[in-house]
Structures are given as structure tokens and as C-alpha cells.
There are 2 protein chains.
Amino acid sequence: MKISTKGRYGVLAMFDLALSGNEVPVSLKSIADRQSLSEHYLEQLFGPLRKAGLVRSVRGAQGGYLLARDPDSITVGDIVRVLEGPIAPVECVQPEAGGDEKQLARDCCGRPEVCPTRPVWEKLRDAMVEALDSVSLGDLVRQARERRPVPMYYI
Amino acid sequence: MKISTKGRYGVLAMFDLALSGNEVPVSLKSIADRQSLSEHYLEQLFGPLRKAGLVRSVRGAQGGYLLARDPDSITVGDIVRVLEGPIAPVECVQPEAGGDEKQLARDCCGRPEVCPTRPVWEKLRDAMVEALDSVSLGDLVRQARERRPVPMYYI
DNA sequence: CCAAATTCCGACTTAACTGCTAGGATATCC
DNA sequence: GGATATCCTAGCAGTTAAGTCGGAATTTGG
């Protein structure tokens, strides 16, 4: 029941990007240094994030990444879905909503009748989706600024 | 973000136990047959479940397992915690409640200041705990009976 | 135009975990 | 006493997690 480092590091890196203002590109190296992550490993995460349209890249010296959208419009759920796949505690409740749920319900667990435990997993899935989609990068940035007023040189 | 087969099979097997009335012991073999699971694999799950006090065992011929408590007092969360460990999306929010949360908060992610993404994981954890603890075996049994009125021989 | 910085891409590695299976000891009912 | 069970420990093949490595392509500053 854990999310992997992909999800954790991905959210942290995206938070870092959001906190950095989004005016000039931010290099993975600087993110890796600030957040104590492996630069090479971050590369693996930003490929999918770019393809999913959550970040834009700028190649070459002084290049890096920028959020592709407003921080308030990017939820933690968006990031997790890209890096970890569909938010679902078990495969048979993966579509997350609508679609061919009805059909899935019948085949679930390889039995013809409806799986008796399915309702719990659906409830769990919905709770997870709600929790992750209700928090945006903008929210995280504002929370962080409250705790540590402004990124300034006190010392 | 998936729960493993331990959790899935465990909940299904406990549901089977609850559905079976809890008057005579139910053997793992019969559960395995009904739910299409491996008997040997179920054994691995019922050791911990017994040690955690969720089921009682009766050894010998005509033996098997019984729920140790009222089906309404055993939640899906109880079962999942035994078989999958603490319900928490990341390690640094594991205590689930109270305790030395404050202290953990500071050391989280190996940095001295508070981890900026921690609030999301706490929110997710709480949502998961609430979803899993709000459903009992009794609830599942009643739901199942509604759909398939009574376990009777129709054919 | 060159060198440094940086994204981009794919392969490789190591360790741990998952999902079983095997075999046997012990207890109990008929 | 034999069939039926739980109990316990070990092993094992396949997958995944978490990174590492090396190098190509692209851009900027000097």
C-alpha cells in the first residue's frame, strides 16, 4: 500500500519547480541538489511528465524544465497518475470512473457473479482519488510559504 | 499504489468466513475451493490473522477457522493492517495517528525543516484509513445477501 | 566556432519483494 | 488408526523498484 519513489520524488520535484516561480527554466541538477535526489533518476521521471504535458523542457545550456500549466491546475493526482499509473488499489477497479465499469464488475476476480469485496475497493479508490486530486501544486506552495515565510537570506 | 494479493485474498477469505455463519469451523480447503484460491497460500495468511486475534482456529479433522469476534466489529482495515502492514502511502506518515508524529515530521525525508509534501500524504493516509475502517465484514455480508438473497439451491 | 551545460534515450544492474509451492510435524475427530 | 486439519519453515521463479551508466542531440555564452 505504498507509493513508490517515482511518485514521491516526482511530486517533490514538481513542487520544487512550482516554488521556483516558473519564469526561467530550472535544471534537474538544481532540483536534485536542493531536494537531495539523483539527477539521473529524475531524468527518468521527467520524460513521462513532459509527454503527459505537465512540464515543458528547454534544451541546452541554461535550459531546464518549466511547469506547462498553472500550478493551481496541476494536482498531486495528475502527477501520481503519470508516474504510477491509474489510481486504484486493485486492478479490477482501475477505470476510476464511468466507462465499462459495469462490464468489468462481472468479470472481476474471474467469476461470473459480482465480486463481493469490490465495493470496498471502489470506495477506497474514490477516497484516494479525492484526496490526491484535491491538492494542487499551488496549494503546496502556499502551505510551504506560510511555514517559512519567504525564501530570503536571514543569516 | 496497489494492495497485494495477501490483502485481497485475506479480505475475500474473511468475508467467506463471515458469510458461512460462524457456527462450525470452516476449513481453508473449502474457502480455497469456493473462492478459487490456493489452500497453501491461504495458510500463510491465516497464521498472522490468528496471531492478531481476528480468527480462532480448531485443529484436527472437522477443524478450521472461525471469526474471533463479531463480523460487525472486524473492519476491512483491520485485515489489511495485519496482512499488509500499516496503512500509509509513504513510510514517514506511518504511525497513522498520535504518537510521535511531531518528531517524525521533522526528520521526514532526511531534512531538518518540515517536508513540504508531507501534508498530502497525511491527507491520503487519512482518506485510506477512513475508507477501509468504515466497512466491516458484517457490511459486506449484508451487501452480498441483498444482491443474492440467500445461499440456496435454485437449480 | 568551441566548450560547457543540459535534455534526451536506452540499456544494464542489484536487491528486494510477490506469489506461490513443498514437505513435514502436530493435533483431533470418527 | 487413519483421514482430516492446522501449523511451521523453507525454497524458488518471476517481477518490480530504484537506481546507474554511457552517450547522442541541442542550445547558450564566451
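The values are calculated or read from the model by the stated rules, or taken from the named source; none is laboratory data. Source: prediction; values computed, not measured. Heads up, the Cβs are rebuilt from the backbone with ideal geometry, glycines too, and the neighbour counts pull from every protein chain shown. Surface areas here come from the heavy atoms of the whole protein model, side chains and all, with no ligands, DNA or RNA. Shrake-Rupley method; radii C 1.70, N 1.55, O 1.52, S 1.80 Å.
Figures for the structure shown
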quantity	calculated
Test set (1) within 16 Å of DNA strand D (Cβ to nearest atom); (2) away from chain A (no Cβ under 13 Å); (3) not in a helix (DSSP H, G or I) - B:Pro89 fails condition number	(2)
Among the residues listed as A:Leu83, A:Leu54, A:Leu42, A:Leu66, the single one being open to solvent by less than 60 Å² (accessible area, probe 1.4 Å), near DNA strand C (Cβ under 9 Å from one of its atoms) and modelled with pLDDT of 95 or more	A:Leu42
Qualifying positions in the stretch B:43-90 - among the β-branched types (Val, Ile, Thr) and touching an Asp or Glu at 6+ places or on another chain (Cβ under 9 Å)	B:Thr75, B:Val76, B:Ile87
Within the stretch B:1-78, helices (runs of 4 or more DSSP H) holding 3 or more residues that are within 12 Å of chain A (Cβ to nearest Cβ)	B:5-19
Only one of A:Pro71, A:Pro48 that is surrounded by 13 or more Cβ atoms within 10 Å (Cβ to Cβ), over 15 Å from A:Leu137 (Cβ atoms) and not hydroxyl-bearing (Ser, Thr, Tyr)	A:Pro48
Failed criterion for A:Pro89 (all others in (1) open to solvent by less than 50 Å² (accessible area, probe 1.4 Å); (2) away from DNA strand C (no atom under 13 Å from the Cβ); (3) closer than 30 Å to A:Val114 by Cβ hold)	(2)
Qualifying residue in the stretch A:75-90 (condition: free of Cβ contacts under 8 Å to residues at least 40 places away in the same chain and farther than 28 Å from A:Leu124 by Cβ)	no
